[in-house]
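Everything below concerns the one structure shown next.
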Amino acid sequence: MTHITTTSGNPLIGQCSVPGDKSISHRAIMFGGIAEGKTTVRNFLDGHDCRATVQVMRDLGVEIEVLTPTELVVHGRGLDGLQEPNTVLDCANSGTTIRLLTGLLAGQKFTSFLNGTAQIRRRPMGRIVQPLRGMGADILGRQNSNYAPLGIRPARLHSVEYDMPVASAQVKSCVLLAGLYAHGLTIVREPGPARDHTERMLGAMGAPIEVIGNTVHSERPSTPLKGLEVIVPGDLSSAAFLLVAGAIVPDSRLTIAGVGVNPTRTGIVDALLEMGANIQFLNERDQAGEPVADLDVRFSELRGTTFAGQQIVTMIDELMVLAVAATQAKGRTVIRDAGELKVKETDRIASTVTELRKMGARIEPTADGFIIDGPTQLIGAPVESQGDHRLAMAMTVAGLVARGTTTVYGSEVTADSFPGFEITLQALGGSLKVEE
Ligand code: S3P
């Protein structure tokens, strides 16, 4: 177990980068495994969740060479080349691994079992089991098939037309992947713009994926999927902690190079701009089918704002650190329509409120979000990560503007999505240290 100790005072100044995007790293390994030929993955996120995906794909017979921790080569086995695993597939703490993989495995000719940590066994799986069963999948899970462990038996899938009740890229991707193994045209309709990395990458591999407005179609490819060269953009969800730190720590000015700015992910930038932040996109470019830019942020005064509706899904992983920004904004910030926060790594409404209140934040939980009044001079305090990587990083950012010392216990989880988080902040001048 480690903890981070922070104090305020120093501005954050300089150039930095963030590790590769988590969502894209998972997909490059999984989809590379069912393509034919080599998929090379550069700037892979060497974090705990993505390592679980590598191990699981190896257990399914896919050879994966690790040239360096961030450069991998996947030797694809083709759509029908996966092998029956002789072990339970361990998805560790990773929701993306278990949900996408269940879609990929639902139409195979072999049986598989999927499990993960206690945290993953508390997260809802009914949302994927139900549409997959609608396609003819034979899946069983704990508590009426709502929770992992999951067992999947061979099945012949047929297509489905599925109206997703919640905007979720994991559910959408799961059904689209099953659609690659189904007879007929699978149609998924989404209530909001959930991240579209699956559609982009499968499309680039030659899968018949078509996006029409808010619907996505998938069907069995008539030709093999082709391996790709994937250069994973920096993860905007990791950059978000630096963007907020740069916006709220007085006199800061920093540039984050090479960040993915896919429009289904940029809600946090729009939100901070609406609050009055000074952020610029520099050097915008395309990198293997994903838009990328360098992000420049400078300290500025923020104002409270209301966020709701379709913008929420485009910043679902960033709402905790947005709450930290809101504690420093003048006036009231309201975040609504974010009930999905309750089923993430922790109940992120409850966990954010509990930990930020320890530092004196004026934050109220609601059924589907938070109400935050600011600005508040936060007071340094001992706080907990609660085993949630994004909470650990959000609280560290809060510590950078608090009076006195903040200690974030259980901070080792930052490596789930942002290995090097602490070193990056230190290099920018942030006053923090990590101790065992
Ligand atoms: C992800 C989708 C989101 C996000 C998660 C990664 C993905 O989850 O919160 O961190 O890679 O598809 P939901 O789709 O369940 O909202």
For this session: Please give the strands (runs of 3 or more DSSP E) falling wholly within the range 59-141 in which 1 or more residues are buried (at least 20 other Cβ atoms within 10 Å of the Cβ).
Result: 71-77, 112-115, 138-141
Exercise. Could you say whether any residue in the range 180-189 is within 14 Å of the ligand (Cβ to nearest atom) and not in a helix (DSSP H, G or I)?
Worked result: yes
For this session: Report yes if residue 218 is under 23 Å from residue 27 (Cβ atoms) and surrounded by fewer than 23 Cβ atoms within 10 Å (Cβ to Cβ), otherwise no.
Result: no
Exercise. Got at least one residue in the range 324-334 being without any contact (Cβ under 8 Å) to a residue 40 or more places away in the chain, in the same structural domain as residue 239 (by TED's automatic domain parsing) and not aromatic (Phe, Trp, Tyr)?
Worked result: yes
For this session: Scan the range 282-296 and report the pairs whose first residue is modelled with pLDDT of 95 or more and whose second residue is acidic (Asp, Glu) and in a strand (DSSP E or B), with Cβ atoms within less than 8 Å and a gap of 6+ or a chain change.
Result: 282/294; 282/296; 283/294; 291/284; 292/284; 292/286; 293/284
Exercise. Do we have any residue at all in the range 364-371 that's of a type in the set (A, V, I, L, M, F, W, C), surrounded by fewer than 24 Cβ atoms within 10 Å (Cβ to Cβ) and over 19 Å from residue 6 (Cβ atoms)?
Worked result: yes
For this session: Would you check if there is a residue in the range 142-152 being assigned to a helix (DSSP H, G or I), more than 15 Å from the ligand (Cβ to nearest atom), modelled with pLDDT of 95 or more and closer than 22 Å to residue 289 by Cβ?
Result: no
Problem set entry | Residue that is nearest to the ligand (Cβ to nearest atom) [pool: residues in the range 161-177 that are farther than 16 Å from residue 102 by Cα and over 18 Å from the mean Cα position of the chain (by Cα)] | 164
For this session: Kindly establish whether residue 387 is surrounded by fewer than 20 Cβ atoms within 10 Å (Cβ to Cβ), in contact with a helix residue (DSSP H, G or I) (Cβ under 7 Å, 6 or more places away or on another chain) and either in contact (Cβ under 8 Å) with a residue 60 or more places away in the chain or not small (Gly, Ala, Ser) (or both).
Result: yes
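The values are calculated or read from the model by the stated rules, or taken from the named source; none is laboratory data. Given the structure is predicted, the values throughout are model-derived calculations rather than measurements. Don't worry about glycine lacking a Cβ; one is built from the backbone with ideal geometry, like all the others, and counts go over all protein chains shown.
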